[in-house]
1. Listing VAL228, VAL141 from the residue with the fewest other Cβ atoms within 10 Å to the one with the most, what is the order?
2. Could you list which residues have their amide H under 5 Å from that of VAL126, counting only those 5 or more apart in sequence or on another chain, with H placed in the peptide plane?
3. If you stretched the chain out fully between SER53 and LYS153, how much longer would it get, using 0.36 nm times the residue separation minus the C-alpha to C-alpha distance?
4. Grab the Cα-Cα distance for HIS78 and GLU97, subtract it from 0.36 nm times how many residues apart they are, and report the gain in nm with one decimal.
5. Anything over 28 Å Cα to Cα? Flag those among LYS121/LYS172; LYS153/LYS240; LYS158/LYS234, in the order listed.
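Each reported figure results from applying straightforward, stated rules to the coordinates on display, with no laboratory input. Being a predicted model, the structure only gives us computed values, none of them experimental. Cβ placement follows ideal geometry from the backbone for every residue including glycine, while neighbour counts extend to all protein chains displayed.
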Amino acid sequence: MSGESRGGGITAVTRQAPPRPALPPNAELARRLSDSPLLIALDIDGTLAPIASRPEGAAVPEETRRVLERLTRLPAVHLAFVTGRAAHDGRRIVNVEGERTFAAPRATVWQVLNDPASMAKTMPGVESFDVHDDRHWTANVKIPLGLGGLKMKVDMEKVEEREPEFAKMAIKGQGVGAMMNMETSFHLSEAGNETHMKWEAEVHILGPVASMGQRVLQPIVNQQVAQVLGALDKQVHEAKGAGPAASTEAT
């Protein structure tokens, strides 16, 4: 840049140094970026997600989510998502419930539902499963959302139980662009030689993924539930150790 000043008929031209680009970082910025921990705050609409004609149509592209996922793996790096949307636009609540009957004694169904190894086999997309104690489990899962799927770390805690009829779990999941809080419970009752299960779950989804809207999220949740129940049938059948797996469902 340059500027001119006039005085006594003499024109003086002064030149200013061009601004230093932030990327690649200058020495001062590099020094600040080297501090630990590093917080990266990113806007959603217009930055992470392209502007859409309707708010519910905004979504973070798959390539961007992969970059964010790599950032989350870096030590001492924390991501925060910033949005001007109303709170209810960044949060979605999906409720699911149903009933199912298993051709097995209640003790067998209870055993499966409270066995971490069996439950790990019922969760779709499980990449790893760790048992901390009989009440605390952690799973890394991949949910079929978008082209590459959404990876989440899911912490599970059994918060209440009345053997052999009732249990409740609190589940928290975190991934790139999404956080999940879920409370789920089941009731078991004897029905002759079979076991009747009534279950329910309240799922709170927060973050950019929540902006996709319930019409998109509900079918995904329903699909995951169907897979869990199908796998649960198989686990109960194997635990019972006799006859073909059989169950009936009402939702």
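1. On the way: VAL228 15, VAL141 20.
Starting with the residue having the fewest Cβ neighbours, the order is VAL228, VAL141.
2. When sequence neighbours closer than 5 places are left aside, the close amide H contacts are LYS142.
3. Numbers: separation 100, 0.36 × 100 = 36.00 nm, distance 3.22 nm.
Length gained between SER53 and LYS153: 32.8 nm.
4. Numbers: separation 19, 0.36 × 19 = 6.84 nm, distance 3.51 nm.
Extending this stretch completely gives an extra 3.3 nm.
5. Numbers: LYS121/LYS172 19 Å; LYS153/LYS240 31 Å; LYS158/LYS234 23 Å.
Violating the 28 Å limit, Cα to Cα: LYS153/LYS240.
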